[in-house]
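Written out below as structure tokens is the structure these notes cover.
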Amino acid sequence: MRGFRWARVGLQFDNGSGASYWHTVRDSLFEKCQTGLYLNLPSGGVSLVNVQKCNVTTPITGCCYWTGTITDSPLCTDKSFLALRNNDVSDYAAYVQWPPDTMGAVGPSHFVANIQYVIAVFNKTSGTLQEWTDIGTFFGANVPADPRIIYDQQCQRWIACVADKADQSRNVRLAVSRSSDPSGLTTNWDKYTLPVAEPGFYPDFPTLGADANGIYIAVHLYQPLQNPTAWMQKVVAIKKQTNCLTVINPSDIHVLPPLSSPYIWFVIQATVNFDAVAADGIAWFVAKGQGQPGPIQYGRLKWINGTPQFLEDPWNNSLSAPQSYFDLDNNFSFSAPQKPYGDNNQGITMNTGSRLMMAVVRNGHLWTCQHVGLNAQGSYNGDPESALRTGCQWFKLQISTDGQSLSIADHNRIYDNASSSPYFYYFPSLMVNSAGDMVMGFSGSRDTEHIGAFYTGRRANGAQPNKPILIQAGKGFYGGARWGDYSYTSLDPNDGLTFWTIQQYAETPASGENPALAQRYGLWVTRIMKNP
């Protein structure tokens, strides 16, 4: 769905004297416009198909005829700014690599982007860059990868981590701010090394969660590609002190024994839990591995006399998806199309497979999401050739009252059912607010459009946009093939209702660069609210 935003007139139609034309406005959203549609059509008219509005003073004005209506959108964007791009003429552009591992979170006054290889602080009101440094310097990491960051609303602190893949390190680095203000990246944060290293294994794809009792990091450990059948997982649980993260003592850090799994690239997602949790309450983890279409595994961790213990392996409990889908693999064999440049029609790989992208607990439910391969009917018949597009699906899982199990309470898929030239949607992230509204951000492209940034969502009452809403259109061909490896959507702590999402889109090539080989992208930050 295309947006017309912050305009005096969103869209104007004029017919000259004696001319008679019918126009169609389709799949459009007018936001914060003085006038949505201005018609100067002595004859003819306009047909409105799936047109929505938010904060529009006058939806339609002028003369002549129209059919259809402009309805209220359940969600709308309120603020939007460019966080950074890797062809800026700025010092930090040289550090921005691909894939960016799109990651950033909102706090009381700031938005912090923690990506490959930059951590940057922005004023969230103006979008102004206030401070930045490379993440190797920030974390003290030699080969930093897969950065994460959250704002812990319960402790009012920023928490960030990164995998260090240097041969002499092979650990996870953790950073915690000393206040709710992230400024002072080199002076106002405490840094820690989490010893997850195992001989011959490298840390990869750490996930970051928190609840009232602790901070949780799950990390995948793998051996080099010459031995791709060896892997394991570890979970680090860090006990929060009574004074809530003022300082983390070595005795607070617990590295649990390695977990094995039957699946390669099995990824455990630690959850961000907004609900109240008793001192002996459950910390939830969900997991998904390559080559296991359907099941979601989950595990429960409990603090027993100050020591964290898994009550079972995270894959001993499983939930089957209510519909089938093609499980995207991890070997670059499935790609999304983009608008070609000349003869170069290289697609975009989703080499993370259909792993779960993030998880959040809110009001007794655990929400998670992933991207999957689908056919035009939004399903899959077992033939890989029938998976003609990718979509983003979310799950709302009910936590049992006794804290023993999860069950699927709700589920949906966002996909394009067009018979030709469909959109592919990928790398989703989601968040749920205190009212039970959900927003999911993701990337999208098709063979006639460059890679853009999108979002959709669902109000607690079930209202949702008819189609994904374009946040930022792609601007150029992306020649790097690999995209991702994830994105992030966070919740504004000031009201507990407003969403912020950071999403990746394709940028124009740098001056003098071959457009067919360019690997340029931007990261766009958007504030999303429910329509009043």
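Observations, loosely collected:
- Entries in LYS240/LYS302; LYS124/LYS191; LYS32/LYS530; LYS339/LYS475 that, when Cα-Cα distance is taken, lie over 20 Å: LYS124/LYS191
- The stretch 272-404: mean projected area of Cα convex hull, nm²: 10.3
- Accessible surface ranking that places the most exposed of VAL49, VAL25 first, with a 1.4 angstrom probe: VAL49, VAL25
- Diffusion coefficient, µm² s⁻¹, Stokes-Einstein with Kirkwood Rh over alpha-carbon pairs of the stretch 1-57 at 25 °C and 0.890 mPa s: 209
- Entry note, the chain: the mean residue ellipticity at 222 nm calculated from DSSP H runs of n ≥ 4, each adding -39500 (n - 2.57), is 0 deg cm²/dmol after division by the residues and rounding to the nearest 500.
- Dipole magnitude (debye, nearest 20) for the chain, charges at Cβ of Lys, Arg, Asp, Glu: 780
- Between ASP383 and ASN514, the simple spin-label model (points 7 angstrom out along Cα→Cβ) gives 3.8 nm.
- Taking 12 Å as the straight-line reach from the Cα of LYS234, the aspartates and glutamates in range (excluding those fewer than 8 positions away in the same chain) are GLU198, ASP204, ASP313.
- ASP181/ARG5 FRET efficiency (R0 25 Å; Cβ-Cβ; nearest 0.05): 0.25
- Candidate aspartates and glutamates for bridging to LYS53, where Cα separation is under 17 Å - those fewer than 8 sequence places away on the same chain excluded: ASP27, GLU31, ASP72, ASP78
- Accessible area in the full protein assembly, largest first, 1.4 Å probe, for PHE30, PHE4: PHE4, PHE30
- Computed lengthening from ASP313 to ALA463, 0.36 nm per intervening residue step minus Cα-Cα distance: 50.3 nm
- Scaled to the globular estimate 2.2 N^0.38 Å, the Cα spread of the stretch 296-361, given as radius of gyration, is 1.75.
- Counting only heavy atoms of the protein chains and using a 1.4 Å probe, TRP231 has close to 50 Å² of accessible surface.
- The alpha carbons of the stretch 400-464 occupy a box of 50, 21, 20 Å along the principal axes, longest dimension given first.
- In the stretch 49-171, the ratio of gyration radius to Kirkwood radius, Rg to Rh, stands at 1.18 when only Cα atoms are counted.
- Label sites at LEU497 and THR67, each approximated as a point 7 angstrom past Cα along Cα to Cβ, lie 3.9 nm apart.
- For SER251 and GLN323, the FRET efficiency from 1/(1 + (r/R0)^6), where r spans their Cβ atoms and R0 equals 45 Å, is about 0.45.
- Of VAL360, VAL143, the order by accessible heavy-atom surface (1.4 Å probe, DNA, RNA and ligands excluded), from most exposed downward, is VAL143, VAL360.
- Straight-line cross-link reach from LYS396 at under 18 Å between alpha-carbon atoms covers these lysines, not counting any fewer than eight positions away in the same chain: LYS288.
- Distance in nm between pseudo-label sites at ALA230 and GLN398 (7 Å out along the Cβ direction from Cα): 4.5
- Its Cα gyration tensor gives the stretch 338-381 an equivalent ellipsoid. The semi-axes, each the square root of 5 times an eigenvalue, are 31, 15, 9 Å from largest down.
- Solvent-accessible heavy-atom area per residue, rounded to whole Å², over the stretch 334-438 at 1.4 Å: 34
- Pairs of Cα atoms farther than 21 Å apart, the stretch 355-454, %: 40
- Long-range HN-HN contacts of ILE60 with modeled amide H, under 5 Å: GLY36, LEU37
- Estimated from the Cβ-Cβ distance and a Förster radius of 25 angstrom, the FRET efficiency linking ASP280 and CYS244 is about 0.85.
- Whole-percent carbon and sulfur share, accessible surface of the chain, 1.4 Å: 47
- Globularity ratio of the stretch 134-194, using Cα Rg and 2.2 N^0.38 Å: 1.09
- Normalised alpha carbon radius of gyration of the chain [divisor 2.2 N^0.38 Å]: 0.98
- Size descriptors for the stretch 191-272, from the alpha-carbon set: Rg then Dmax equal 13.8, 47 Å.
- Mean separation of Cα contacts under 8 Å (6+ apart) over length of the chain, as relative contact order %: 12
The values are calculated or read from the model by the stated rules, or taken from the named source; none is laboratory data. Everything numeric in this text was worked out from a predicted model, so none of it was measured. Positions of Cβ are backbone-derived with ideal geometry, glycine not excepted, and every protein chain shown enters the neighbour counts. We work out accessible area using only protein heavy atoms, side chains counted, and drop any ligands, DNA or RNA first. Shrake-Rupley method; radii C 1.70, N 1.55, O 1.52, S 1.80 Å.
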